[in-house]
Amino acid sequence: MAYTLLINSLLLSAGVTLGAMTLGIIVALGLAGFSRAVRKRGLALSALSFLMPPFLVVGCWIGLLGNAGPTVLLFPSGIYS
């Protein structure tokens with residue numbers, strides 16, 4: 001059973017990493033076509049996510065994916081236990 005959990009965790013982390021890298025490359029290529037001022041603002045906005053306190057980030061995710069959030073129609077059985 002422990003090996004199944006390990007394999008599932010590794011597959012999930014690989015998928016999330018691949019998705020984040022893909023999204024990051026798309027955003028970087030999109031910003032490359034803009035002027036220097038717009039690129040600086042894009043960099044500042046991306047760095048802003050690291051400055052947010054973790055409890056605020058978790059609260060936002062729970063509000064989004066929770067039982068009363070807007071994604072209830074997409075995931076009727078619940079996204080978390």
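The values are calculated or read from the model by the stated rules, or taken from the named source; none is laboratory data. All of these numbers come straight from a predicted model, not from anything done at the bench. Cβ atoms come from the backbone with ideal geometry, glycine included; neighbour counts cover every protein chain shown. Areas reflect the complete protein model, heavy atoms only, side chains present, ligands, DNA and RNA absent. Shrake-Rupley method; radii C 1.70, N 1.55, O 1.52, S 1.80 Å.
Do you know which residues across the stretch 32-51 are over 21 Å from Trp61 (Cα atoms) and either in a helix (DSSP H, G or I) or of a type in the set (Phe, Trp, Tyr) (or both)?
Hits for the stretch 32-51 are Ala32, Phe34, Arg36, Ala37, Val38, Arg39, Lys40, Arg41, Gly42, Leu43, Ala44.
If I go through the stretch 48-60 residue by residue, how many of them are open to solvent by less than 70 Å² (accessible area, probe 1.4 Å) and either of a type outside the set (A, V, I, L, M) or at pLDDT 90 or above (or both)?
Residues that pass the stated criteria total 3.
Just to be sure before I move on: is Thr17 among the β-branched types (Val, Ile, Thr), surrounded by 10 or more Cβ atoms within 10 Å (Cβ to Cβ), within 17 Å of the chain's Cα centre (by Cα) and not in a helix (DSSP H, G or I) in the structure I sent?
no
Please state which of the following conditions Phe75 fails to meet, knowing it meets all the rest: (1) at pLDDT 85 or above; (2) among the aromatic types (Phe, Trp, Tyr); (3) surrounded by 10 or more Cβ atoms within 10 Å (Cβ to Cβ); (4) over 17 Å from the mean Cα position of the chain (by Cα).
(1)
With the checklist (1) part of a helix (DSSP H, G or I); (2) at pLDDT 90 or above; (3) of a type outside the set (A, V, I, L, M) in hand, flag the one item Gly63 doesn't pass.
Going through the list (1) part of a helix (DSSP H, G or I); (2) at pLDDT 90 or above; (3) of a type outside the set (A, V, I, L, M), Gly63 breaks only (2).
Looking at (1) in a helix (DSSP H, G or I); (2) under 17 Å from the mean Cα position of the chain (by Cα), which one does Leu29 not meet, given that it meets all the others?
(2)
Does Ala37 count as surrounded by 10 or more Cβ atoms within 10 Å (Cβ to Cβ) and over 14 Å from the mean Cα position of the chain (by Cα)?
no
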